[in-house]
Amino acid sequence: MIQFFRHIRQTLLAENKFSKYLLYAVGEIVLVVIGILIALQINNWNESRKSDVLRKTYEKSLSEELKADLRQLASLDSMFSAREKTIQDYFDHFNTVTSNLDTLKMKMDQLRTSKNTFNSTAYTIEDLITTGNLALFEKEKKEAILTLRNTHEKNTYYEQITINTLMNKEELFIANTDLAFDLERSLSEHAEVRNWKDDLASRQYRLLHNYLSSTVNLYKAQEIFNERVRKDTEILLALLE
């Protein structure tokens, strides 16, 4: 093809047809420019197609992660509710006028106060931000992703503060009991705290009740924190699907 165009140029120059040669040269330049534009357009289309495929891959992964987060939140709701009930049952019995110590001790043994936190599995969000691929998303989805990430960070911060406060009360209660005896590593309870469960006016009961009350406060706070996460998660999920 190049040889063909070169032959035409040489023929026109040999025949001294400069005006026709000039017209031909302009036409050749136009063809080259058109070819370049077509190539650029094809390249842009390919890049756009690749970006679209990548964005859809991100959306699919993120949707699956968000659904897993919602299942985790539902599980935590049930867990917190069940644990709150064990604490309330204990206080209900403690507050009865004819409180039976054996029953109270049984209720104490049934207490469930472990601390569980929400841990998002939406790792795609961090990937999008660190790689800069968040730019692949339209404005509304981008803002929803950033809003959810901000909610995660704020909730984690305030939840940890609440847990730290609770841990202080738990440590204070434990420090005033005989942990070795409670864990059956010691055969006899230390004299300073011996049989404290038989004295409803003991210091240990007050410390235990402070700890249990703070535990309920934690569960209530976590329910509020998790509801914020659930709301922002559902908003983003609706945009992705």
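The values are calculated or read from the model by the stated rules, or taken from the named source; none is laboratory data. Keep in mind it's a predicted model, so treat the numbers as computed, not measured. Note: ideal-geometry Cβ built from the backbone for every residue, glycine included; neighbour counts use all protein chains shown. Just so you know, the surface numbers come from the protein's heavy atoms only, side chains and all, with ligands and any DNA or RNA stripped out. Shrake-Rupley method; radii C 1.70, N 1.55, O 1.52, S 1.80 Å.
Just a few scattered comments:
- Translational diffusion coefficient (Stokes-Einstein; Kirkwood radius from C-alpha pairs) of the range 180-241 at 25 °C, 0.890 mPa s, in µm²/s: 159 µm²/s
- Solvent accessible area, Å² - Arg228, 1.4 Å probe, full protein context: 120 Å²
- In the range 65-164, the convex hull through the Cα atoms has an average projected area of 8.5 nm², a quarter of its surface area.
- Among the listed pairs Lys60/Lys154; Lys105/Lys220; Lys56/Lys220; Lys141/Lys169; Lys67/Lys105, those with a Cα-Cα distance over 32 Å are Lys56/Lys220; Lys141/Lys169; Lys67/Lys105.
- Model label points for Lys142 and Val216, set 7 angstrom from Cα along the Cα-to-Cβ axis, are 4.8 nm apart.
- Note on exposure: Met79, Met106 ranked by accessible area (1.4 Å probe, complete protein assembly) read Met106, Met79, with the most exposed listed first.
- Just the protein heavy atoms count here, and of the accessible area of the range 136-241 at 1.4 Å, carbon and sulfur take up 51 percent.
- Each label was represented as a point 7 Å from its Cα along the Cα-to-Cβ direction; for Met108 and Phe91 these points are 1.8 nm apart.
- Projected over all directions and averaged, the alpha-carbon convex hull of the range 139-205 occupies 7.0 nm².
- Label-point gap, in nm, between Ser61 and Ile224 - each point 7 angstrom along Cα→Cβ: 3.5 nm
- Selection among Leu166, Gln110, Asn133 by position relative to the dipole of the range 109-197 gives Asn133 as farthest towards the positive end (Cβ unit charges, Cα centre).
- Taking only alpha carbon atoms, the range 91-214 gives an Rg to Rh ratio of 1.24, where Rh is the Kirkwood radius.
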